[in-house]
Amino acid sequence: MRLTRRDFAAGIVAGIAAPRIITGARAQGSTIKIGMCVPVTGPAAEQGLWAQNGAKLALAAVNKAGGVLGKQVELVIEDDQTTNPGIVLAFSKLAAQSDIVAFLGSIRSTQVQAMAPDVLKLGKPVMIGGTNPGLTHSGNPWLFRFRPNDSYSGRVIADFGVNTLGKKKWAIVHSTDAFGTAGGEALTDALKKLGAPPVLDQGYANNSQDFTPVVLAVKQSGADVLGTYFTFEGDLGIFARQLRQLGVNIPWVGSPLRSPRPSLRALRCTAPTASPIMRKTPAKPRRRSASSTATRDAYKTAPDNQSAWPYDAITILSAAINKAGTTEPGKVRDAILATQKFAGAEGEYNFDKNGDGLHGYNVVKNDKGNIVYDKHIDFND
């Protein structure tokens, strides 16, 4: 079965109105169980709520359409506490339940890295949103990515900044966690290939309260464009405010986070997600999507990549199990990898042998808090 962006839109309210369809307790063996490690507590708890909404929305649609292998699908959630030890513990609790057939992991690369050894040991499919390229290139056959990895985002940021904006003096600012480090390295490599090696590579610790030294380093570097990989919205907001306060007004191209702020008026983002306000497939800007309108009505805000990738993960996993005709891990793995030209909320999925489903990004502009589509850049290699 295939769930499109229209299904994403139409079902968002149903996901709120009928949660018992998704998570209600049932007799042993009467449901197909999928485990989900998600931040219920910790600094990413709000993002975790959106991830749950996306997954529950997809499950409601799957169950309404007949479920998986003739059974209803049940989501079993464990809190990863937004920490590496937390996700290891959450995954161990879920893995101990032998009737859970597959899992949703994290959007944070550092947490996926922490749980990866246990994923390999267990040998069941795990859907992830983390974008560190190494996650699906380290010999672990059980990780399947539902966002483009950072080798693509780095190339898109570099291509847009150099070839569209005409900027060659780059300052790179990134988190020192797995996501930020991999993103910074990918951007640096892409810039070097374009003849524009960065004049500054500046890391920062997550949950920083003062970015003044980082901003001053950018200002003193003489850079005429800024590239960033931020992990948490709170850090991004502080950084943006201090950029403005210290008079740094250069163009800014970065990896996106959930809540675009009016203060980030110069920020352009590479955006894989199609559902909220950024689309992968169109060649030109479009009116606000039905999914965006429905989500604003239901949640009083726009959906985002936190909810879109779990939505796609549940949708594609369910379709793969139905196609395989079994929950046997190896056959489900083969069915996921065979998924091609699947139109999901985040774009068209074409899985490669490594488990990467998406291979390109949009570039969008934050115009006083409104996200405006600019262009799409895709790579097929």
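The values are calculated or read from the model by the stated rules, or taken from the named source; none is laboratory data. Predicted, not measured: the structure shown is a model, and the values here were computed from it. Cβ sites come from the backbone with ideal geometry, for glycine too, and all protein chains shown count toward neighbours.
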Which one is nearest to the chain's Cα centre (by Cα) among residues in the range 117-134 that are surrounded by fewer than 24 Cβ atoms within 10 Å (Cβ to Cβ) and free of Cβ contacts under 8 Å to residues at least 60 places away in the same chain? Pro133
State whether one or more residues within the range 81-93 are in contact with a strand residue (DSSP E or B) (Cβ under 8 Å, 6 or more places away or on another chain), closer than 25 Å to Lys331 by Cβ and surrounded by fewer than 24 Cβ atoms within 10 Å (Cβ to Cβ). no
Expected single match for at pLDDT 95 or above and in contact with a helix residue (DSSP H, G or I) (Cβ under 8 Å, 6 or more places away or on another chain) among Pro117, Pro125, Pro133 is Pro125
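Which residue out of Pro303, Pro285 is surrounded by fewer than 17 Cβ atoms within 10 Å (Cβ to Cβ) and at pLDDT below 90?
Values: Pro303 fails: surrounded by fewer than 17 Cβ atoms within 10 Å (Cβ to Cβ).
Answer to the check: Pro285.
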Return the residues of the range 98-114 that are in a helix (DSSP H, G or I) and over 20 Å from Gly54 (Cβ atoms); say none if nothing qualifies. Thr110, Gln113, Ala114
Positions within the range 88-97 being within 25 Å of Gly29 (Cβ to Cβ) and either in a helix (DSSP H, G or I) or among the charged types (D, E, K, R) (or both), in sequence order: Ala90, Phe91, Ser92, Lys93, Leu94, Ala95
For the list (1) polar (S, T, N, Q); (2) farther than 23 Å from Leu135 by Cα; (3) part of a strand (DSSP E or B), I need the number of the one condition that Asn362 fails. (2)
Quick check, is Gln52 at pLDDT 95 or above, assigned to a loop (DSSP other than H, G, I, E, B), within 19 Å of the chain's Cα centre (by Cα) and not β-branched (Val, Ile, Thr)? no
